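No value in this document is a laboratory result; all are computed from the given coordinates. Just so it is clear, the structure is predicted and the values come from calculations on it, not from any experiment. Counting neighbours? That spans all protein chains shown, and the Cβs are built from the backbone with ideal geometry, glycine included.
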Amino acid sequence: MSEATNSTAQGSTVVASERTPAGALGGRGLIVRDLRVAVEGNEILKGIDLTVEPGRVHALMGPNGSGKSTLAFAMAGHPGYTILGGSVTLDGTELLDQAPDKRAKAGLFLSFQYPAAIPGVSVANFLRSARQAVRPDDLNPAKFRKLIFEKLDALDMDPAFLGRYVNDGFSGGEKKRLEMLQMAIIGPKYAVLDETDSGLDVDALQSVGNAAKSLRESEDGRNMGFLVITHYPRILQHIPADVVHIMIDGRIVKSGGPELAQEIERDGYDGVRDEVAAARA
């Protein structure tokens, strides 16, 4: 596919993925190049190019089955996803030859669309273990206690969360807010939020969105890169995107500014499909 640009009244968008030269970042960034991934023998991702810079928010939108979650799980190291080619680097470190825990230690965080319940494991113990796994030299008990209560306060979360079992009996909104707390405690370099808005009503979405916004604006979060995967632009009202990408049929076919999300909200994905078909003709 050509890298032809399509000028619009609202700005310039790009048919095919928008590239940021790795050299321009000095090797920094979550950089995906020509990534091809198969699931059960079927090729789902067909050459993904994407760069998430430190301190920037990229949104990845697309219809069901386009490959958005496949990208998230492949980057995180899910064993059910077969890498056919390409690379994923995090600040210069190749992730694809690393075990999932090594990828997390390198600074990658994945927020799940459907967080699992872990009966019998308290939130406090879970967070302590997660922090220790990623930052084993930084777990002074007094320091950790101070950190966790600072983050609870910043995210406007009840300390009673700490005594509950992980996601056991949690509402959808509570599960997603706990994901935000995990992210705040772990402090990754790059966070992939896989449809964090899925299944949330308006009030729960606002609560989770405000928690993410608070983290984004914190001292630690300002330098964190975000890849927000979503169907709809609702969550982008709370986590404004610097760049929006559209994925269809395993390819990023269009990228642009925040106005692109509003275009999708207004017109759906059919117009993008038609535009891509015309560019290929």
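Counting Lys +1, Arg +1, Asp -1, Glu -1, what net charge surrounds Ser69 among other residues with beta carbon under 11 Å of its beta carbon? Computed value for this residue: -1. Taking GluC sites (Glu not before Pro) as exposed when DSSP calls them loop (any state but H, G, I, E, B) and at most 14 other Cβ atoms lie within 10 Å, what is the longest stretch of the chain free of them, the sites themselves excluded? Between exposed loop sites, the widest span is 41-218. The Arg234 and Ala142 beta-carbon pair, evaluated with R₀ = 41 Å, returns a calculated FRET efficiency of approximately 0.55. Bridges between two residues of the stretch 5-280, per DSSP, are antiparallel at a rate of about 60%. Restricting the calculation to Cα atoms, the stretch 110-237 yields a radius of gyration followed by a Dmax of 13.9, 41 Å. In the chain, taking the dipole from charged Cβ atoms about the Cα centre, the farthest positive-side position among Asn167, Val57, Asn42 is held by Asn167. Legend: distances between Cα atoms for Lys46/Lys68; Lys46/Lys105; Lys46/Lys102; Lys68/Lys254; pairs beyond 19 Å are Lys46/Lys105; Lys46/Lys102.
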